[in-house]
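*Asks:* The structure follows.
Every number here is computed from the coordinates shown, using simple stated rules; none is lab data. None of the values given here were measured: they were computed from a predicted structure. When we count neighbours, we look across all protein chains shown, and the Cβ atoms used for this are built from the backbone with ideal geometry, even at glycine.
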Amino acid sequence: MVSPLPAVPVSILTGFLGAGKTTLLNRLLKDPDLSDTAVIINEFGDVSIDHLLVEASSDGVIELSDGCLCCTVRGELVDTLADLMDRMQTGRIKPLKRVVIETTGLADPAPVLQSVIGNPVIAQSFRLDGVVTVVDAVNGLQTLANHEEALKQVAVADRIVISKADLADQAQLDELRLRLRALNPRAPFIDGDSPEAGRGALFACGLYDPASKIADVGRWLQDEADHGHHLHDQHHHDGD
C-alpha cells in the first residue's frame, strides 16, 4: 500500500490592482528553492499583462481560464488542485513543496480561501499555509477607502507586504500602517523592496487560523461555505 503524501502547503498571494504582487511573484520565482512549486494564476479579462509577466519567468505556471470570480473560478481552482493531487499520486509529477495561488487584484479572497479549507477532498492533500497581501504605499489608503475587496485582502492576511514605500512620505506610511493595523492586528509588515521580502519571510506561516483574524474573517468564510452548500443543493434539485 502506497503511503499518502504529506499535505502540500498552499500560499495565497493577493493585493489590489497595481499593488505589485506580480513583481513580487516574479522575484520569488527566481529563487531556486521554489523549483518544486506550482503557481496558479487567476486572470481577469481577455488580456492579462500580469499573466504574460509571470509566464515569461516560469514554465511551471498553471493558468485558470477566465470566469466569474465568485463561482466559476472557485470550481476551477478545486479542479486544478485535484488534478495536481492526482498527478502527484500517480507519479506524473514529482511531489510539490508548495502551491502558490495568485489572485486577480479584483478578487474577494474569501471564496479562494474557502476553496482550499472547505473542500474535504482537497484538504486531504493540501493545507492552507497562509495569505500574503501586497499593499501599495502610495495609493493604499485610497484603495482601502473605495474598495471592499481591498479591505478583505488585508483582513485575511498573515503577512502584509508594503510596496513602493520609497515613493511615499513618512506621514503617508504612518497613516497607512495605522489603517492596516486596525484591519489586521497581528500580521507583520514587510517592506516589499527589502531583502526580507523573500521566500523565508513570506511563506511557512503555519496552518491558517481564521480565529486569529478580526471577527469579520470568520463570518466571510462561513458565508462562502453556506453559499457553496446552497449551490450544491440547487444543482441537486435541478438534476431531480
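*Asks:* Against the empirical 2.2 N^0.38 Å scaling, what ratio does the C-alpha Rg of the range 66-170 come to?
*Replies:* 1.26
*Asks:* Kindly state, to the nearest 0.05, the FRET efficiency for N26 paired with K97, given R0 = 25 Å and r defined as their beta-carbon distance.
*Replies:* 0.85
*Asks:* Could you sort the peptides 173-182, 106-115, 132-141, 19-28 by per-residue average Cβ neighbour count (10 Å cutoff), highest mean leading?
*Replies:* Final packing ranking: 132-141, 106-115, 19-28, 173-182.
*Asks:* Where does each of 187-194, 148-155 land if you order them by average Cβ count within 10 Å, highest first?
*Replies:* Output ranking for 187-194, 148-155: 148-155, 187-194.
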